[in-house]
Amino acid sequence: MAPKSVVDLLSQQNPDALVSMLETARSEFKTAQEEVERKRAEVALIEEALVKARRRESGGRLTREQVFEALSAAGEPLTLEDVHSLLTKQGVTATRDSVREHLRRLVEKNGTVLRDDQGRYWAAFVPAATDDDIPF
């Protein structure tokens, strides 16, 4: 005689017992799904905390001042990749996107950095005031 399947064995049960088993299984399934969602949220929070902890260990977040100083020290126009590479060589941990965002803000809001059509950036220095009263 061939072994019976689980469905065959269950079908031999009283229908009321099967209804009770179904309700229990659905309840346990819902509880398991809720636990999975709680664990997903927990993992996301722990990952976010880990990112913050690593930033703190590496000296904190990238600042606009660090980006501006890197451009100023270079003395020549740099691409986004050049700035990111220069900061990385200085030991600054920053993503390419964070460097791009700081450059954008320095160009648009501060005006302390200029950008050309080829995507090169350089520090905008304001020349010292000249005295027009000096005869030549």
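The values are calculated or read from the model by the stated rules, or taken from the named source; none is laboratory data. Just so it is clear, the structure is predicted and the values come from calculations on it, not from any experiment. We place every Cβ from the backbone using ideal geometry, glycine too, and count neighbours over all the protein chains shown.
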Considering residues that are part of a helix (DSSP H, G or I) and over 19 Å from the mean Cα position of the chain (by Cα), the number found within segment 84-112 is 7
Only one of THR88, THR24 is among the β-branched types (Val, Ile, Thr) and modelled with pLDDT of 95 or more. Can you tell me which? THR24
Listed by first then second residue, the pairs whose first member lies in segment 89-105 and is in contact (Cβ under 8 Å) with a residue 12 or more places away in the chain and within 14 Å of TYR121 (Cβ to Cβ), whose partner is among the acidic types (Asp, Glu) and not in a loop (DSSP other than H, G, I, E, B), with beta carbons under 8 Å and at least 6 positions apart or on separate chains, are ARG96/GLU81
Which numbered condition ASP16 fails, given (1) charged (D, E, K, R); (2) in a helix (DSSP H, G or I); (3) under 30 Å from ASP116 (Cβ atoms): (3)
Among what's in segment 77-88 and is among the polar types (S, T, N, Q) and either more than 17 Å from ARG54 (Cα to Cα) or in contact (Cβ under 8 Å) with a residue 24 or more places away in the chain (or both), pick the residue that is surrounded by the fewest Cβ atoms within 10 Å (Cβ to Cβ). THR79
Just the residues that are over 11 Å from ALA124 (Cα atoms) and either of a type in the set (Gly, Ala, Ser) or not assigned by TED's automatic domain parsing to the domain that holds ASP97 (or both), please, taken from segment 68-85. ALA70, ALA73, ALA74, SER85
